[in-house]
Amino acid sequence: APPAEKFEYQAEVNRLMDLIVHSLYSNKEVFLRELVSNASDALDKLRYLSVTDPDLLKDGPELDIRIQTDKDNGIITITDSGIGMTRQELVDSLGTIASSGTAKFLKTLKESQEANVDSNLIGQFGVGFYSAFLVSDKVAVSTKSPKSEKQYVWEAEAESNSYTIREEKDPEKLIPRGTRLTLYLKRDDKGFAHPERIQKLLKNYSQFVSFPIYTWQEKGFTKEVEVDEDPAEVKTEDDGETKKEVKKKTKTVVEKYWDWELTNETQPIWLRTPKEVSTEEYNEFYKKTFNEYLDPLASSHFTTEGEVEFRSILYVPATKKEDITDRKTKNIRLYVKRVFISDDFDGELFPRYLSFVKGVVDSNDLPLNVSREILQESRIVRIMRKRLVRKAFDMILGISCSENRDEYEAFWENYGKFLKLGCMEDKENHKRIAPLLRFFSSQSNEELISLDEYVENMKPEQKSIYYIAGDSLSSAKNTPFLEKLNEMDYEVLLLIDPMDEVSLTNLNSYKDKSFVDISKEDLDLGNKNEEREKELKQEYSQTCDWIKKRLGERVARVDVSNRLSSSPCVLVAAKFGWSANMERLMRAQSI
Ligand code: ADP
Ligand code: MG
């Protein structure tokens with residue numbers, strides 16, 4: 001047989017291995033979660049490919065994960081009957097940084113002070129396959145891909161910059177298909193090789209894996225056996241007297257044996273009745289599935305029937321999503337008849353501005369070999385999308401109705417700009433988006449208000465919703481445009497965020513009240529006194545002419561106005577032109 005070939009890790013892997021082996025001492029048990037999730041991914045891939053190529057299952061139809069422990073020698077083996085790896089795939093996957101979670105982990109480390117590596121980070125991001133070295137001195141990965149005739153073994157020690165790959169020659173160790181990991185535990189971590197310990201961890205970490213996980217457990221059953229027994233002295237209960245009694249010559253013994261035991265619940269959580277699932281279970285599922293460490297702000301579990309049948313659980317995360325334009329978010333996991341299809345189709349199932357919503361969608365009406373092209377054309381998907389969007393809005397509305405105002409403030413802080421984007425991109429849902437918007441106001445301090453709160457606070461004679469845009473709260477609050485409205489006790493929305501004004505312009509009106517920019521000319525506050533205005537205009541016409549002459553081209557017109565109370569003059573924007581704020585924006589960027 002050809003000898004084992006030696007390979008060097010990619011530099012980043014070396015760094016990671018060094019950290020794993022020398023700096024991370026707590027949270028070690030995450031290794032099991034990571035390795036089981038890889039096994040589950042490998043089974044998902046196989047199941048998905050076998051839909052179009054049933055031949056892939058010819059080496060065994062069983063799709064499962066089996067974990068065996070040898071507590072005397074401190075060895076754990078994790079075997080899956082998944083897609084396995086070819087020799088080349090071993091090199092590509094287990095010598096470089098494949099996982100996006102791992103890349104995120106490294107990036108976060110780089111940003112934080114390397115001195116105070118927080119081992120909680122590893123729990124948050126996961127370091128994928130390499131987490132095996134949190135507890136192992138040595139790891140062997142023996143794997144057989146259906147694409148390859150041969151089975152290969154990847155082997156590495158914790159304190160090493162290299163790994164080896166060789167062909168599996170031992171007939172005892174051949175597997176029909178899939179991957180077997182063997183972990184040789186460090187001296188101090190041998191406790192993980194106890195069957196009960198593994199079972200307990202699995203119950204914690206992997207109850208949402210949709211393939212059966214079996215653990216090798218010691219079992220016992222009782223059995224009656226015939227024995228010769230001498231008559232024994234026994235005390236009778238009623239009078240305490242001792243007497244001789246001849247016992248029956250049978251005895252109960254416990255017979256011990258080892259067998260595989262199913263350790264997880266494989267019914268996907270979304271197939272269960274919502275009433276029977278606890279919030280904790282929803283949150284756990286979310287954190288496991290999306291690699292999140294904070295509980296979500298809200299979740300929604302629903303089934304739709306009729307024209308299109310699907311089940312879904314949606315979540316609003318509690319973590320901020322920075323990049324509003326990021327399309328590759330992998331936020332929606334699509335299943336068809338419980339088979340995981342892809343997390344790459346979120347763009348088809350959800351509009352871009354809702355890409356912060358995460359969830360699973362399981363449809364019975366789509367074909368298993370569904371592709372992006374099919375999704376884009378599909379009428380079913382259009383209906384699904386509509387329903388999903390509606391449910392997402394219901395869920396967000398739920399947060400906004402919470403007793404605890406902080407919750408929606410946290411939401412708004414994280415995702416406000418996404419909803420503003422929705423004002424521009426989704427006219428059809430304006431009615432749903434508008435009540436969710438929040439703005440600063442001339443009548444509240446730092447507190448944000450909703451349009452409903454604004455409308456409630458309108459004066460009986462007030463017709464419109466007034467706003468002024470500015471580049472900061474203080475500049476908006478101190479603008480002379482506000483003078484008259486403050487005097488009349490009219491509330492004015494202060495639009496500080498560059499996207500605020502654009503979203504209101506897109507909405508056009510709310511509850512039949514139009515939005516009016518108080519910095520524009522022709523502002524009608526319903527307080528006109530035509531007689532008095534005419535007089536004033538006449539009186540100051542020469543002054544106005546003189547000012548216009550001095551300012552020349554810089555202004556279009558100079559007029560007497562009734563909108564000020566203490567400032568002598570103000571610059572207003574033309575009615576059909578851009579507001580000063582919009583001009584600023586347009587100059588700064590092209591929208
Ligand atoms: P991730 O799972 O996020 O891709 P990991 O570091 O956990 O990153 O795993 C790296 C890669 O190794 C996987 O993407 C996969 O290609 C391969 N791999 C790991 N475990 C298995 C397995 N049990 N069966 C098949 N391939 C595997
Ligand atoms: Mg992984």
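The values are calculated or read from the model by the stated rules, or taken from the named source; none is laboratory data. Since the structure is predicted, the reported quantities are computational estimates derived from the model, not experimental observations. All Cβ positions, even for glycine, are placed from backbone atoms using ideal geometry, and neighbour counts span all protein chains on display.
Which condition does Lys138 not pass, out of (1) assigned to a strand (DSSP E or B); (2) surrounded by 22 or more Cβ atoms within 10 Å (Cβ to Cβ), if it passes all the others?
Lys138 satisfies all of (1) assigned to a strand (DSSP E or B); (2) surrounded by 22 or more Cβ atoms within 10 Å (Cβ to Cβ) except (2).
Here is a list of conditions, (1) of a type in the set (A, V, I, L, M); (2) in contact with a Lys or Arg (Cβ under 6 Å, 6 or more places away or on another chain); (3) modelled with pLDDT under 75, and Met586 meets all of them except one; can you say which number that is?
If we test Met586 against (1) of a type in the set (A, V, I, L, M); (2) in contact with a Lys or Arg (Cβ under 6 Å, 6 or more places away or on another chain); (3) modelled with pLDDT under 75, just (2) comes out false.
Do you know which residues across the stretch 60-88 are among the charged types (D, E, K, R) and either over 31 Å from the mean Cα position of the chain (by Cα) or surrounded by fewer than 17 Cβ atoms within 10 Å (Cβ to Cβ) (or both)? Before the answer, list the steps.
Keep residues of the stretch 60-88 that are among the charged types (D, E, K, R), which gives 62, 64, 66, 70-72, 80, 87.
Scanning the stretch 60-88 gives Glu62, Asp70, Lys71, Asp72, Arg87.
Which ones in the stretch 483-501 are in a helix (DSSP H, G or I) and among the charged types (D, E, K, R)? Even if it seems obvious, please write down each step before you answer.
Residues of the stretch 483-501 in a helix (DSSP H, G or I): 483-487, 498-501.
Across the stretch 483-501, the qualifying residues are Glu483, Lys484, Glu487, Asp500, Glu501.
Quick grid of which residues meet (1) crowded, with 18+ Cβ neighbours inside 10 Å; (2) out of contact with any strand residue (DSSP E or B) (no Cβ under 9 Å at 6 or more places or on another chain):
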{"site": "Tyr415", "(1), (2)": "yes, no"}
{"site": "Lys431", "(1), (2)": "no, yes"}
{"site": "Leu436", "(1), (2)": "yes, yes"}
{"site": "Ser441", "(1), (2)": "yes, no"}
{"site": "Ser444", "(1), (2)": "no, yes"}
{"site": "Glu447", "(1), (2)": "no, no"}
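Could you check how many residues of the stretch 470-493 are at pLDDT 90 or above and touching a strand residue (DSSP E or B) at 6+ places or on another chain (Cβ under 7 Å)?
Total meeting the criteria: 4.
Out of everything in the stretch 26-59 that is among the β-branched types (Val, Ile, Thr) and away from ligand 2 (no atom under 14 Å from the Cβ), what residue ends up being surrounded by the most Cβ atoms within 10 Å (Cβ to Cβ)? Even if it seems obvious, please write down each step before you answer.
To start, the set of residues in the stretch 26-59 that are among the β-branched types (Val, Ile, Thr) comprises 30, 36, 51-52.
Narrowing further to those that are away from ligand 2 (no atom under 14 Å from the Cβ): 51-52.
On the way: Val51: 16, Thr52: 10.
Among those residues, the one meeting the criterion is Val51.
Can you list the helices (runs of 4 or more DSSP H) found entirely within the stretch 415-482 that contain at least 2 residues being of a type outside the set (S, T, N, Q) and under 15 Å from Pro351 (Cβ atoms)? Even if it seems obvious, please write down each step before you answer.
On the way: elements: 430-433, 451-456, 473-477.
Fully inside the stretch 415-482 and qualifying: 430-433.
Check Gln217, Gln199 and return the single one that is under 31 Å from the mean Cα position of the chain (by Cα) and surrounded by fewer than 20 Cβ atoms within 10 Å (Cβ to Cβ). Even if it seems obvious, please write down each step before you answer.
Working: Gln217 fails: under 31 Å from the mean Cα position of the chain (by Cα).
Answer to the check: Gln199.
Kindly indicate whether any position in the stretch 316-337 is in a loop (DSSP other than H, G, I, E, B), without any contact (Cβ under 8 Å) to a residue 24 or more places away in the chain and within 23 Å of Tyr205 (Cα to Cα).
yes
Kindly establish whether Phe340 is in contact with a helix residue (DSSP H, G or I) (Cβ under 6 Å, 6 or more places away or on another chain), at pLDDT 85 or above, outside any helix (DSSP H, G or I) and under 26 Å from Asp41 (Cα atoms). Working first, answer last.
On the way: in contact with a helix residue (DSSP H, G or I) (Cβ under 6 Å, 6 or more places away or on another chain): yes; at pLDDT 85 or above: no; outside any helix (DSSP H, G or I): yes; under 26 Å from Asp41 (Cα atoms): yes.
Spelling it out, it is not the case that Phe340 is in contact with a helix residue (DSSP H, G or I) (Cβ under 6 Å, 6 or more places away or on another chain), at pLDDT 85 or above, outside any helix (DSSP H, G or I) and under 26 Å from Asp41 (Cα atoms).
Can you find a residue in the stretch 66-83 that is within 14 Å of ligand 2 (Cβ to nearest atom), in a strand (DSSP E or B), in contact with a strand residue (DSSP E or B) (Cβ under 6 Å, 6 or more places away or on another chain) and among the acidic types (Asp, Glu)?
As a first pass, look at the stretch 66-83 and keep what is within 14 Å of ligand 2 (Cβ to nearest atom): 78, 80, 82-83.
Filter once more, so that each one left must be in a strand (DSSP E or B): 78, 80.
Remaining after also requiring in contact with a strand residue (DSSP E or B) (Cβ under 6 Å, 6 or more places away or on another chain): 78, 80.
Within this subset, residues satisfying the condition of being among the acidic types (Asp, Glu) are 80.
Yes; the residues of the stretch 66-83 include at least one that is within 14 Å of ligand 2 (Cβ to nearest atom), in a strand (DSSP E or B), in contact with a strand residue (DSSP E or B) (Cβ under 6 Å, 6 or more places away or on another chain) and among the acidic types (Asp, Glu).
So, in the stretch 22-56, of the ones that are away from ligand 1 (no atom under 16 Å from the Cβ) and not in a loop (DSSP other than H, G, I, E, B), which residue ends up nearest to Glu265 (Cα to Cα)?
Only one residue tops the list, namely Val51.
Considering only residues that are assigned to a loop (DSSP other than H, G, I, E, B), touching a residue at least 60 places away in the same chain (Cβ under 8 Å) and over 21 Å from Asn562 (Cα atoms), which ones fall in the stretch 504-522? Let's see the steps before the verdict.
Of the stretch 504-522, the ones assigned to a loop (DSSP other than H, G, I, E, B) are 508, 511-512, 518-519, 521-522.
Then drop every residue that is not touching a residue at least 60 places away in the same chain (Cβ under 8 Å), which leaves 511, 519.
Scanning the stretch 504-522 gives a single hit, Lys511.
Give the number of residues within the stretch 84-96 that are modelled with pLDDT of 95 or more, outside any helix (DSSP H, G or I) and more than 9 Å from ligand 1 (Cβ to nearest atom).
Summing the residues that are modelled with pLDDT of 95 or more, outside any helix (DSSP H, G or I) and more than 9 Å from ligand 1 (Cβ to nearest atom) in the stretch 84-96 gives 1.
Table: residues versus (1) modelled with pLDDT under 90; (2) closer than 19 Å to Asn331 by Cα.
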| residue | (1), (2) |
| --- | --- |
| Val277 | no, no |
| Tyr282 | no, yes |
| Thr289 | yes, yes |
| Tyr293 | yes, yes |
| Ala298 | no, yes |
| His301 | no, yes |
| Glu307 | yes, no |
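Kindly establish whether Val254 is farther than 30 Å from Asp394 by Cα, modelled with pLDDT of 80 or more and exposed (fewer than 13 other Cβ atoms within 10 Å of the Cβ).
The answer is yes for Val254.
Name every residue in the stretch 542-583 that is over 26 Å from Glu487 (Cβ atoms), part of a helix (DSSP H, G or I) and either among the basic types (Lys, Arg) or at pLDDT 75 or above (or both), in order of residue number.
Within the stretch 542-583, the subset over 26 Å from Glu487 (Cβ atoms) is 542, 545-546, 548-554, 556, 576-578, 582-583.
Then drop every residue that is not part of a helix (DSSP H, G or I), which leaves 542, 545-546, 548-554, 582-583.
The answer is Gln542, Asp545, Trp546, Lys548, Lys549, Arg550, Leu551, Gly552, Glu553, Arg554.
When you go through (1) in contact (Cβ under 8 Å) with a residue 12 or more places away in the chain; (2) closer than 30 Å to Arg272 by Cβ one by one for Lys190, which number turns out not to apply?
Failed condition: (2).
List the residue pairs whose Cβ atoms are under 6 Å apart, where the first residue sits in the stretch 41-63 and is without any contact (Cβ under 8 Å) to a residue 40 or more places away in the chain, the second is in a loop (DSSP other than H, G, I, E, B) and away from ligand 2 (no atom under 16 Å from the Cβ), and the two are 6 or more positions apart or on different chains.
Pairs found: Glu62/Ser81.
Taking the stretch 97-119 as the region of interest, how many residues are of a type in the set (Ser, Thr, Tyr), more than 13 Å from ligand 2 (Cβ to nearest atom) and either at pLDDT 70 or above or closer than 27 Å to Leu46 by Cβ (or both)?
Filtering the stretch 97-119 for residues of a type in the set (Ser, Thr, Tyr) gives 99-100, 102, 108, 112, 119.
With the extra rule that they be more than 13 Å from ligand 2 (Cβ to nearest atom), the set shrinks to 108, 112, 119.
Restricting the remaining residues to those that are either at pLDDT 70 or above or closer than 27 Å to Leu46 by Cβ (or both) gives 108.
Of the residues in the stretch 97-119, 1 are of a type in the set (Ser, Thr, Tyr), more than 13 Å from ligand 2 (Cβ to nearest atom) and either at pLDDT 70 or above or closer than 27 Å to Leu46 by Cβ (or both).
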